[in-house]
Amino acid sequence: MSSRPTPAELADYEAQADAWFRENTPKDPGFMLPLTFMEVSTDQQFDFLCAWQRKVYEAGYLGASWPKEYGGGGLHPDFQRIATKVMKKYDGPIMLNAIGIGWAGPLIMDIGSEEEKKKYIKGMLNAEDIWCQGFSEPENGSDLGNAQLKAVRDGDEYVLNGSKIWTSLGDRAKYMILLARTSNEGPNKYAGLSFFLSPMHAPGIETRRIKKLTGEYGFVQCFFTDARIPAECLMGNEGDGWQIAMKTLEYERGAKVNLAGGYFLKELDAMGVVELARQSQRGGKPLLDDPVMKDRMVDFMMDIQALNLNNQRRRMGPLVQDRPMGLALMNKLARTEMIRELTEFSLSFQGTRGGYYVDDPCAVDNGYWHRSYLNSFSATIGGGTSEIQRNIIAEHVLGLPKGR
Amino acid sequence: MAFSEGNLADHLGGLSYSEEQIELMDVATNFCRDRSPIDKVRKLIEDEGGYDPAVWQEIVDLGWLGIAVPEAQGGVGLSMAEVAPIAEQMGRRLLATPFATCTIAAQALLAAGDEAQCGEWLPRIVAGEVATLALTEPHGDWNLGHVEATAKAGGDGYVLSGTKQFVVYAKHAALVIASVTIDGAVRLALIERSAIPDSALRREIIIDETKRSFELTLDGINIPASALLDAGRSGAALTQIELASALLQAAEMCGGTQSAIDYTIEYLKTRKQFGKLIGEYQALKHPITNAYVGYEKARSHMLSAAHNFGQQGVGEIAVRMAKASADKAYSFAADRAVQFHGGFGFTHDCDAGLYRRSAIWHASQYGDAAWHRAKLADLLF
């Protein structure tokens, strides 16, 4: 890795990045873009986002700190952090290939072989090779360790049978990070799991799109029927699957720094909700003149601030003495539930126009708020439902007994 | 979808702490636990004075009355940030004393007292003489600027008239700071206890049985002109009183919330019905978890209010958020604490009732959650 840059070098770089993103960040393309990489529904959206990611990469603002020999920019990580910050400032579209550059890429850079690095990294960065993740199964959602998709070694190949579900970009991906069962032996259910960097374009692999609550597409169910993949797709050794999957989840949960840069989800700006309320009318008066609406709005602002403070406090040992893990374990629950309630609240501002949905010419902000509310369930359900989160907090933080 | 605070963050303070704050937190945690076990709390409920003079003396000796008083006046020279963790532990153990009201009275003197007034009273408060506040009136308005009691020129100075309520620990006080109007303008007046006849005080029956509170009839009480605080700083002093009170209440309430939750968890872990510990049932497990999440949010707000206290703009927002948040959290946790104890929860012997009553008391003084949210709306939008 290159040496630590001077403040002057960073300032120069920032000015350069600023000029580039000001010039090149696309304006409204004239069709709706997805809020996250998980809702890419149309070819038009897909092509547009691939082109944008490639353009950012070619300008040097994605993968800037990954080694040159694999397709990166070879710069110190501080440069990539600045590029991402500037990208956010101009509120550009998301980086599409999230599972590639966000999770699979860091994993391969971390524990992958030289061949794997050479084969995969550049294609992730320039969006030529889209990646998806095959972890969840129809019968094994929260209980990931019980994954049952079979991978049986047959000469130079593995034969795959089973199904994966909620696979974002599964219909467009060239590769999948796949958790599969190579054995039913071993001391526990985790011991028989193995991890593959599997091609998606192979006979016997089929995908079926699933329409979401919002009306969008973006994830699929994958069916593997005697699908054959080369044996060298196995990452590490047979039986390493669980350990590698957990490492991958650390990237997914943002526990480790996102070295490739970019962002994969649009952010909801809390003050945007206040702005919407300001522009809305009730009884011929601004909505925020209504004391009831004002009161509820303050309640949300307090909630937002509480989560902001919680995140600061959780790293301050003396301020979390009694239950050190409490703030960390409640973060997902508190944050996702707040976003769900806040976006739901925003629908009520719109009066009769709350009846419109995305793509109606009269819909407020082209249905952004409705789409955000419906989309918010992906976070209160995915990654462990709010109900499971409450059990976890009750049992691991408050010490209540397990039970149904 | 991810989420950002956007420019909301510009209006709001962050979080930090001082070494002194943590040291005091640790000392107070042990002190309050040792000096205020629950049987002692219940014994003091039956006591006329309502607090243990020996424990009060220990608090004085620890120097806690002078924490937010400058060294020149005999204090320690720290700030309200360091007082808050003590109030939190007192609330947690339901340790009732005049600590909070003395601290606030000192803040009022610092906000609007002249050199002579501060020079006389601050060292006496630090040394353990009780000072209290007489601000609220029978109209029940939380707006401290709504004052109907009056002071009229007469005698050697002024003659007071009107009625003040919720004058806590007035019986033991050496000093009462009362709000009155003079020619329509609100002023703060220092009344020595010796000027108040016993017949002017009526012990009030209040919802929180661990505390003591009095109605004070001001009619006919005389004060010298030198007993009035600075006219130009009356408004600032009332604001300081309101915010200091709200901060200390938020701290006490956080402590009380913590106890209400802990007390209920203990029951959920030991009580069995239908062959199972009742804590296994999600109908009880999930609401108590929600109460806990609310508590941690309230505590973050309270610590931020302590840290930002006195900061222009940011400080007031943080304090009002802290009180509003603590009211919401304490009310919910204590309400569920009663319910989840079943039949026992309905008895006077169940501690859940102590917390529920304490939460109601705190909501009733210096504004409840809705009052502070209304104030926040004006500050934020």
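Taken together, the values in this text are just the output of simple stated rules run on the coordinates, not laboratory data. Source: prediction; values computed, not measured. Here the Cβ is made from the backbone with ideal geometry for all residues, glycine too, and neighbour counts use every protein chain on show.
Please state the shape class of chain B: rounded when a/c is under 1.5, otherwise prolate if a/b exceeds b/c and oblate if not, all from the C-alpha gyration tensor. Mind showing how you got there, number by number?
Numbers: a/c = 1.80, a/b = 1.49, b/c = 1.21.
Because a/c hits 1.5 or more and a/b exceeds b/c, chain B counts as prolate.
Straight-line cross-link partners of B:LYS164 among the lysines, defined as a Cα under 21 Å from its Cα and at least 8 positions apart when in the same chain: B:LYS152, B:LYS211.
Structure remark: mean-square fluctuation, Gaussian network model of chain A, C-alpha springs under 10 Å; the largest value among A:ILE94, A:ILE244, A:ILE388 belongs to A:ILE388. Cβ crowding within 10 Å ranks B:TYR263, A:TYR120 as B:TYR263, A:TYR120, fewest other Cβ atoms first.
Within segment A:166-244, the GluC sites (Glu not before Pro) that combine a DSSP coil assignment with at most 15 other C-beta atoms in a 10 angstrom radius are A:GLU185. A:PRO286 sits among other residues whose Cβ lies under 11 Å from its own Cβ, and their net charge, with Lys and Arg +1 and Asp and Glu -1, is +2. Starting from the Cα gyration tensor of segment A:41-92, take the square roots of the eigenvalues, sort them a ≥ b ≥ c, and report rounded, prolate or oblate (rounded when a/c is under 1.5, otherwise prolate if a/b is larger than b/c, else oblate). Oblate shape, in that a/c is at least 1.5 and b/c is the bigger or equal ratio. In degrees between 0 and 90, to the nearest 10, how far off the longest principal axis of chain A does helix A:43-58 point, with axes built from Cα atoms? Between helix and principal axis, roughly 80 degrees.
Give me the orientation-averaged projected area of the Cα convex hull of segment A:39-152, in nm², one decimal. Walk me through the intermediate numbers first.
Working: hull surface 37.1 nm².
Result: a mean projected hull area of 9.3 nm².
Exposure proxy shown here: for A:VAL273, B:VAL314, the number of other Cβ atoms within 10 Å sets the order, fewest to most, as B:VAL314, A:VAL273. In this structure, the pairs whose alpha-carbon distance is over 24 Å, taken from A:LYS55/A:LYS88; B:LYS269/B:LYS323; A:LYS88/A:LYS285, are B:LYS269/B:LYS323; A:LYS88/A:LYS285. Over all Cα atoms in segment A:89-136, the spread is summed up by Rg and Dmax: 11.9, 37 Å.
Karplus-derived 3J(HN,Hα) values for segment A:384-391, using 6.51 cos²θ - 1.76 cosθ + 1.60 with θ = phi - 60°, are x, 4, 4, 5, 5, 4, 5, 4 Hz; glycine and proline are entered as x.
How high is the relative contact order of segment A:136-287, given as a whole-number percent (alpha carbon pairs under 8 Å, six or more residues apart)? Provide the component values of the computation, followed by the final result.
Details: 265 pairs, mean separation 33.2, N = 152.
Across segment A:136-287, relative contact order equals 22 percent.
Placing +1 at every Lys and Arg Cβ and -1 at every Asp and Glu Cβ, with all other atoms neutral, what dipole size does segment A:132-250 have around its Cα centre, in debye to the nearest 20?
Details: 13 positive and 15 negative charges, 92 e Å.
It works out to roughly 440 debye.
In chain A, one over the average inverse separation of all distinct C-alpha pairs is 23.3 Å, which is the Kirkwood hydrodynamic radius.
Along the axis of the charge dipole computed for chain A (Cβ charges of +1 for Lys and Arg, -1 for Asp and Glu, origin at the Cα centre), the listed residues A:TYR120, A:ALA379, A:MET32 are led at the positive end by A:ALA379.
If you keep only loop residues by DSSP, which chymotrypsin sites (Phe, Trp or Tyr not before Pro) in segment A:295-354 have at most 11 other Cβ atoms within 10 Å of their Cβ?
Taking segment A:295-354 and a limit of 11 other Cβ atoms within 10 Å, no loop chymotrypsin sites (Phe, Trp or Tyr not before Pro) are found.
If I build a Gaussian network model for chain A, linking alpha-carbon pairs within less than 10 angstrom, which residue out of A:ASP91, A:ASP226, A:ASP295 has the largest mean-square fluctuation? Ranking A:ASP91, A:ASP226, A:ASP295 by mean-square fluctuation puts A:ASP295 first. Projecting the Cα positions of A:GLY218, A:VAL364, A:GLN312 onto the charge dipole of the protein assembly as shown (unit charges on Cβ atoms of Lys, Arg, Asp and Glu, taken about the Cα centre) puts A:GLY218 furthest along the positive direction. Hydrophobic long helices, here whole DSSP H runs in chain B with Kyte-Doolittle means of at least -0.5 and Cα atoms spread over 30 Å or more along the helix axis, are found at B:234-270, B:314-340. Computed on segment A:1-75, with alpha-carbon pairs under 8 angstrom and 6+ residues apart, the relative contact order is 24 percent.
Look at the dipole of chain B built from charges on Cβ: of B:GLY119, B:ALA170, B:ALA305, the Cα furthest out on the positive end belongs to B:ALA305. Computed as a quarter of the hull surface, the mean projected area of the alpha carbon convex hull for segment B:1-157 stands at 15.3 nm².
Comparing B:VAL293, B:VAL319, B:VAL69 in a Gaussian network model of chain B, where Cα atoms under 10 Å apart are tied by springs, the biggest mean-square fluctuation is seen for B:VAL293.
Each Lys or Arg adds one and each Asp or Glu takes one away; over the other residues whose Cβ falls under 13 Å from the Cβ of B:PRO224, this sums to -3. Counting beta carbons within 10 Å around each of A:PHE195, A:PHE223 and listing the fewest first gives the order A:PHE223, A:PHE195.
Nothing charged except the Cβ atoms of Lys and Arg (+1) and of Asp and Glu (-1): what's the magnitude of the dipole of segment B:188-242 about its Cα centre? Round to the nearest 20 debye. It would help to have the intermediate numbers written out before the result.
On the way: 6 positive and 9 negative charges, 19 e Å.
For this selection, approximately 100 debye.
Within the shell of other residues whose beta carbon sits under 10 angstrom from the beta carbon of B:ASP368, the net charge comes to +2, with Lys and Arg scored +1 and Asp and Glu -1. How tilted is helix A:291-313 with respect to the longest principal axis of chain A? Cα atoms for both, answer in degrees (0 to 90, nearest 10). In chain A, helix A:291-313 runs at an angle near 40 degrees to the longest axis.
An oblate overall shape is assigned to segment B:169-244, the ratio a/c of its alpha-carbon gyration tensor axes (a ≥ b ≥ c) being 1.5 or greater and a/b not exceeding b/c. Relative to its residue count, the protein assembly as shown spans a Cα convex hull of 195 Å³ per residue. Once C-alpha pairs closer than 8 Å and six or more residues apart are averaged by separation and normalised to the residue number of chain A, the relative contact order reads 13 percent. Of all aspartates and glutamates in the structure, those lying under 14 Å Cα to Cα from A:LYS85, and not within fewer than 8 positions of it along the same chain, are A:GLU14, A:ASP18, A:GLU267.
Helix A:270-279 axis versus longest C-alpha principal axis of chain A: approximately 40°, rounded to the nearest ten.
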